[in-house]
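Below is one structure; the comments refer to it alone.
The numbers here are math on the coordinates, done by the rules we state, and not lab data. In this text, all values refer to a predicted model and were calculated from it rather than measured experimentally. Quick reminder, even Gly has a Cβ in these numbers, built from the backbone with ideal geometry, and neighbours come from all protein chains shown.
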Amino acid sequence: MDANSLIAKASEYLPDEGVALTKAACEFAARAHQGQMRKSGEPYLEHPLHVAMTLAELRLDADTIAAGLLHDVPEDCGIALNKIEADFGPQVAKLVDGVTKLNKLTSRSEEGDVKSEFQAENLRKMLLATAEDLRVVLIKLADRLHNMRTLGALPVKKRRAIAQETLEIYAPLAHRLGIGRVKWQLEDLAFRYLEPRQYHQVAHLVAGKRAERESFITEVSQMLCHELDKVDITAKVFGRPKHVYSICQKVDKYAAQGKDFSDIHDLFALRVLVNSVTDCYKALGAIHNFWHPMPEEFNDFIANPKDNGYQSLHTTVMCQGKTPLEIQIRTLDMHRIAEYGVAAHWRYKEGEKQDADFASMVAWLHQLGDWNEELDSEEFLESVKTDVFSDRVFVYTPNGEIKDLPKGATSLDFAFRIHTDLGYRCIGAKVNGRLKPFSYALKNGDVVEIIASKGGKGPSLDWLNLELGYVKTSHARGKIRQWFKKQERSQCSETGKQLWDKESKKLGLSLPSVDKVARLLDYHSPDDFFVALGSGSISPSQVAIKLGEDLEPAGGAVEILPPRKLSPIGVKVLGVGDLLTRLADCCHPLPGDEIIGYITQGRGVTVHRRDCPNIINEEERERLVNVEWGNVEQVYPVTIQVNAWDRVGLVRDISAIIAEEGVNLSEVNMSNQGDNIALLYFTVEVRDVAQLSKIMSRIYSEWNVISVVRKGEA
């Protein structure tokens, strides 16, 4: 690229003084980078010219383009920032300084690895820079885009690390800012280096159908233009390209449904640009009259814009009676925003008021300052990925105020989104006028009313239990943890002991010493471990899962013939050789339990839990033999005892929970204990203690359930 192309592009929309500033910055950058070469072998000046061209294509102001041309000058050429300020003014110098600081953030090894803590800190500083001046990050996105185009000059491992960072951070950031043309390029380039084989396979499939697709699009475009002319709608109709990364995501989704590449109907797509919102809906009616619509494929993003400002009507029709055709209908202004995002709204003139649309598009940036004060870098990274970069749902307060939340968010997430204190005092929620459990995932258009206690009730540690699904956003989880961290350490320690006693009794776990548990989980002492439990930093079920992973020894497995209809278990008998083994009916051991073998007469070795009363009271100790769990994926029967207030549908609801976890339910028994209390036994086949813990946690959260324990541990 040469400077003349950039000047010509800038001249299309900048005033004369802006073009003059761009020319001066080009000449300054050319002198500063004279003789420097990139690893790709091209003159270094190519990089700032490409960065500036991307900014000009986004139609950004002259200060931003100048900063894009000069962004590497201080660091790579040793030119002082005050020199840039003297020649180009304080705004350009400030932008260059901001980008230079961002360039210094990434900490990689020589091979290109990026440590998670550095990536988290990078993202934190980049987003805070975004909140301070959006133009800094727009320059950084343009910088990353050109670096991705020339990534092939770097070693393979470094290429992959940069590509992964681009796919996880930069592409979602471009999407959140609504800059579609940058987002899809970053995704495709990153995907090319992360999954080259899959990338080229999809690209080849797309190229193989290009002639057929272009012929089809030309034909249907002409047909549609003719129909729109009939109803006096002036429109521009053209084919919409589908990008490799999005096609690949669609291929994976369809493969899981048993479909293949030929079933992806939105490879055939049209975009219709009209002059007004009225014409959008008028065109939609004409299209649906001409081709049969697929009702489940319609979305109105004009009435309900996406969180990044995107607006359009999406519909899919059966074209010519046999081919699904996706059509997007939007105004010219909507199209400009879809391509340029926040850059289409940005205003830089001194004293000019930014428009309301722009303010709503970047409203999410305002919460970053609060997160910066409250969260460490790792928590900040988690919050941004789950709460900012995820898909959104839009719900309403009872007063009609709209709130956007990550997809899958619950009423508790909504309460904390309104106000932290409301979250702490939340005791229930009505959705569309009806009481809903905290685990209910909010949907677009829901009206949510929070029921709050009058006093300072405080949150429950159950809210942090991932299996229960009460809280989905990192923001809400962080606020809940923050509340518990403020409690007295001694109180947290006592609460942690009670929680762990309850969990271990519930699961019937044969636990190692608390010292060993603390060491396994990287806590300095048992008290630190209990404080972590009591403060909500880790949940009892997470501890059970971790113990199940770390306490299971490695080694081979001996296939056994079980005495009843069970899946074969994997148990290694130590020091005795291969013996027939079976699970004891009295204690039903599971992987993750401490176990011991008992040599029986004619029946091989029976495997018990070490805390089984039959083993503890065994007098013939010489018949005991050490055994270990093998590493074979099998399922094991265990009986769960449930005490609950009797009600219609109780067995059905608990059985549904078990089915949702993909676990086989082999037997159900029920008896009445009097006083309207039911005693139920569910025999399930699970893989290990971790899976059992998750099922029992979900059952315990069910309405009217009093207690849930492993049989024999009540």
For this session: Mind checking the full-extension length gain between residue 36 and residue 238? Use 0.36 nm per residue of separation minus the Cα-Cα distance, one decimal, nm.
Result: 68.4 nm
Seminar exercise, completed: Residues whose modelled amide H sits under 5 Å from the amide H of residue 240, counting only those 5 or more places away in sequence or on another chain, are 269, 270, 271
For this session: Could you size up the charge dipole of the stretch 400-472 around its Cα centre, putting +1 on the beta carbon of Lys and Arg and -1 on that of Asp and Glu, and report it in debye to the nearest 20?
Result: 140
For this session: Tell me the label-point distance for the pair residue 249, residue 164, using the 7 Å Cα-to-Cβ offset, in nm and rounded to one decimal.
Result: 2.0
Problem set entry | Nonlocal amide H pairs with residue 451, under 5 Å, H built at 1.01 Å | 427, 428, 429, 430
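Taking the beta-carbon count within 10 Å as an exposure proxy, list 65, 599, 615 from fewest neighbours to most. Working shown, then result.
Working: 65 31, 599 16, 615 20.
Ranking 65, 599, 615 by Cβ neighbours within 10 Å, fewest first, gives 599, 615, 65.
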Exercise. For the residues 290, 530, what sequence is obtained by ranking on other C-beta atoms within 10 Å, fewest first?
Worked result: 290, 530
Exercise. If amide H atoms are built 1.01 Å from N in the plane of the peptide, which residues on other chains or at least 5 residues away come under 5 Å of the amide H of residue 319?
Worked result: 325
For this session: For residue 616 paired with residue 399, estimate the spin-label separation in nm (one decimal), with each label point 7 Å from Cα along the Cα-to-Cβ line.
Result: 5.9
For this session: Using Cα pairs closer than 8 Å and at least 6 residues apart in sequence, work out the relative contact order for the stretch 636-710, in percent.
Result: 47
Problem set entry | Size of electric dipole in the stretch 664-714: Cβ of Lys, Arg +1 and of Asp, Glu -1, about Cα centre, debye, nearest 20 | 140
For this session: Considering Cα pairs under 8 angstrom that are at least six residues apart, work out the relative contact order of the stretch 390-474 and quote it in whole percent.
Result: 33
Seminar exercise, completed: Sorted largest first, the C-alpha extents of the stretch 390-474 along its principal axes in whole angstrom are 29, 28, 21
Exercise. Size of the dipole of the stretch 48-106 about the Cα centre, Lys and Arg at +1 and Asp and Glu at -1 on the beta carbon, nothing else charged, in debye to 20?
Worked result: 120
Exercise. By average Cβ neighbour count within 10 Å, what is the ranking of 134-144, 39-49 from highest down?
Worked result: 134-144, 39-49
Problem set entry | Net +/- balance of residues flanking residue 442 in space, Cβ distance below 10 Å, scoring K and R +1, D and E -1 | +3
Seminar exercise, completed: the stretch 397-425 and the stretch 639-659 have their Cα centres apart by a whole-number Å value of 31
Problem set entry | Cut-off 12 Å between beta-carbons: net charge of the residues surrounding residue 192, Lys and Arg +1, Asp and Glu -1 | +1
Problem set entry | Mean-position separation - Cα centroids, the stretch 18-56 and the stretch 198-239, in angstrom | 38
Exercise. Which length gain, in nm to one decimal place, applies between residue 27 and residue 422 when the Cα-Cα distance is subtracted from 0.36 nm times their residue separation?
Worked result: 136.5 nm
